[in-house]
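Readers should treat all values here as calculations from the given coordinates under stated rules, not as data from a laboratory. Quick caveat: nothing in here was measured; it's all calculated off a predicted structure. Reconstructed Cβ throughout: ideal geometry from the backbone, glycine too, with neighbour counts over all protein chains shown.
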Amino acid sequence: MKNARLEEFRQVAYKYLGRAKDATFELTDAILLTRNVYSLADLSLSPVFRRSFAKHL
C-alpha cells in the first residue's frame, strides 16, 4: 500500500516539473538518498544521479 502511494506521488510530481524533469527528478533522489552533501557537485557523484555531462564536451 505504501509503495503504491509513493509511486503515485512520484508520477504526479514528475508531471509538474519543467523541461529538465528527468535530471531534476534524479537530483531530488540524490538529495534524499545521499547522507553527506557539501555541494551540488557532491550530488553529481551519487550513484542515483546518473547524468554525465563530461561526454558532451
Note on segment 1-13: residues small (Gly, Ala, Ser) and surrounded by 11 or more Cβ atoms within 10 Å (Cβ to Cβ) are Ala13
Does segment 14-27 hold any residues that are surrounded by 10 or more Cβ atoms within 10 Å (Cβ to Cβ) and in contact with a helix residue (DSSP H, G or I) (Cβ under 8 Å, 6 or more places away or on another chain), and which are they?
Tyr14, Leu17, Lys21, Phe25, Leu27
